[in-house]
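Everything on this sheet refers to the single structure shown next.
The values are calculated or read from the model by the stated rules, or taken from the named source; none is laboratory data. Here the structure is a predicted model, which means the values were calculated and not measured. Because the Cβ atoms are built from the backbone with ideal geometry, glycine has one as well, and the counts that use them run over all protein chains shown.
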Amino acid sequence: MTSERDLKLVYSVAVILFIVGLFCYAAFPVKPPDEPLRIQYRSATGNVLFEHAKHATEYDVSCYDCHHHPGDDEAGLIACSECHLKNPEENAPPPERCLDCHDADDIEDTEMPSQPDASHDQCSECHSGIGAGPVKQACSECHAQ
Amino acid sequence: MRSEKMFIVSHAPFWHNGSNVAERHYGMLLAAMPAVALGIVQYGLPAVAVIAMSISTAIFWEWLMNRVTKRSITVGDGNAALLGLLFAMLIPATTPWWVVTTGTFVMMVLGKHIFGGIGGNPFHPVVVSLMILTVSWGAFFDFNGALVNYSFSFNALYPLGLAKNFGTAAVADFTPGNLLLGRQIGGIGATFGLGLIGGGAYLIAKRYIRWEIAVSFLSSIFLTALIFHLAAPDQYAGPMFHLLTGYTLVGAFFLLPEDSSSPVNFLPMLIYGAGAGVMTMLIRNIGNYHDGVLLAVLLMNLVNPLLDKIRPKALGKVA
């Protein structure tokens, strides 16, 4: 049996921890950095973990090698998925981000590759070109179960 | 001729040696502290949030179930706090508050109180809860995805995932030294090898857990991993890697030896630990999951009543 005094102590600890928990959740959430460190693409065929920071700092590639459009403006370095949607609907209007610069009429016939298609093309083209890293001989080189 | 003095016991009053359930649970909380401390250093205040929320809500659910079932209030025995801490130790520091709260609810209600409270649960409540949540919301417990916004000074990919998908060469960075110092991603309190081993040694020295279970589990992991590694060195990582990654050490010292879900006799304890070790390695190397400890614990919890049928021969006979 626990004494009244011990019970009060446990209640106090529980309440304090709850307040600390709430405070830490509210005040110190894990914020994504301005430039992503790693990006996980979730896929039924196995998730792909792209080491963004490593590509940007350790490998001899320019930001514009991947962030291709627009290619000469640092403000244009936007996330791939803002234009290349993961599951674009057929005949859907262009993603909203595109309309920041383009008129809807100008790009209504533009076919925008989905994010998986764009990533497959971009990643494999670059890796095959320089002959490094996964070169798409097997899905499991990138898609981890 | 039977000795008349052999089986004499004295009657009350007895002298209590002072140990009790609460002392044991607070001792286990203390043993977990080094590993938890490194988790807080590594993941910062978000880890504090998860730990604080997990312990406080576990205590709350325990209190609520005590009230609902009209039993005496048992939050003072430290079991709820211990389970709350263990749950937090196994999950990523980025787990949302509502997942933590749901997890502790499942743990305390479905894992423990539905079986009558402390001592009645056939499975480890933390493992029951974490497996249910993993099946329901797996993305929150995928360490690679959950920790993408953390920068580390070591390889930030989940070692067991790397080993499973890309073989031994991919985990060359994870030397035993690095793993002992916690230089790997994982659960808040599941990565610091030295801290967990120190905590485990303390638990064994204080006899809070049975060494037979921990030692047979770790030996079994070592041997099974060694056999796999010798059979295909490029495909399967070595035994030291498997001893110091994933939930192996937490499982050995905090999950498998849990009172009511583990055997009490010597041989059953050895079989229980060894069986969990073999299952863990089979799941890691052949199964679908990165880590097999939780499922192995559940499976051996299930086998536990059968194992306890292996008993020493009773002395004497009924006339």
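Residue by residue through region A:28-42, note down the ones that are more than 8 Å from every other protein chain (Cβ to nearest Cβ) and surrounded by fewer than 15 Cβ atoms within 10 Å (Cβ to Cβ). Reasoning before the result, please.
Kept after step one, since they are more than 8 Å from every other protein chain (Cβ to nearest Cβ), are these residues of region A:28-42: A:34-35, A:41.
Matches in region A:28-42: A:ASP34, A:GLU35.
Please specify each residue of region A:106-119 satisfying the condition of being of a type in the set (Ser, Thr, Tyr) and under 17 Å from the mean Cα position of the chain (by Cα). Working first, answer last.
Filtering region A:106-119 down to residues of a type in the set (Ser, Thr, Tyr) leaves A:110, A:114, A:119.
Matches in region A:106-119: A:SER114, A:SER119.
Kindly establish whether B:ILE132 is within 14 Å of another protein chain (Cβ to nearest Cβ) and over 22 Å from A:PRO36 (Cβ atoms).
Numbers: within 14 Å of another protein chain (Cβ to nearest Cβ): no; over 22 Å from A:PRO36 (Cβ atoms): yes.
Spelling it out, it is not the case that B:ILE132 is within 14 Å of another protein chain (Cβ to nearest Cβ) and over 22 Å from A:PRO36 (Cβ atoms).
Given the options B:MET53, B:MET33, name the one that is more than 12 Å from chain A (Cβ to nearest Cβ), closer than 28 Å to A:LEU22 by Cα and hydrophobic (A, V, I, L, M, F, W, C). Write out each step before concluding.
Details: B:MET53 fails: more than 12 Å from chain A (Cβ to nearest Cβ).
Matching residue, one of B:MET53, B:MET33: B:MET33.
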### Considering residues of region A:1-27 that are in contact with a helix residue (DSSP H, G or I) (Cβ under 8 Å, 6 or more places away or on another chain) and part of a loop (DSSP other than H, G, I, E, B) only, the residue farthest from the other protein chains (Cβ to nearest Cβ)
A:SER3
#### Entry: Selection status of B:ALA252, without any contact (Cβ under 8 Å) to a residue 60 or more places away in the chain, under 24 Å from B:PRO159 (Cβ atoms) and under 13 Å from the mean Cα position of the chain (by Cα)
yes
### Number of the exception - A:ASP103 against (1) under 20 Å from the mean Cα position of the chain (by Cα); (2) at pLDDT 80 or above; (3) over 20 Å from B:SER56 (Cβ atoms)
(1)
### Query
Just checking, how many residues over region B:61-75 are within 22 Å of the chain's Cα centre (by Cα) and either over 28 Å from B:LYS206 (Cα atoms) or away from chain A (no Cβ under 12 Å) (or both)?
1
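When you go through B:GLY316, B:GLY287 one by one, which is the residue that is closer than 20 Å to B:HIS229 by Cβ, modelled with pLDDT under 95 and assigned to a loop (DSSP other than H, G, I, E, B)? Let's see the steps before the verdict.
Values: B:GLY316 fails: closer than 20 Å to B:HIS229 by Cβ.
B:GLY287 is the lone residue from the list that is closer than 20 Å to B:HIS229 by Cβ, modelled with pLDDT under 95 and assigned to a loop (DSSP other than H, G, I, E, B).
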### Query
If you check B:ALA93, B:ALA81, which single one turns out to be within 10 Å of chain A (Cβ to nearest Cβ), under 28 Å from A:ASP6 (Cβ atoms) and crowded, with 24+ Cβ neighbours inside 10 Å?
B:ALA81
#### Entry: From A:LYS54, A:LYS86, residue being in contact (Cβ under 8 Å) with a residue 24 or more places away in the chain, loosely packed, with under 14 Cβ neighbours inside 10 Å and of a type outside the set (Val, Ile, Thr)
A:LYS86
### Message
So B:LEU196 ticks every box in (1) within 14 Å of chain A (Cβ to nearest Cβ); (2) in a helix (DSSP H, G or I) but one. Which box is left unticked?
### Response
(1)
#### Entry: Extreme residue, nearest to the chain's Cα centre (by Cα), among residues of region B:124-135 that are under 17 Å from B:GLU62 (Cα atoms) and not β-branched (Val, Ile, Thr)
B:HIS124
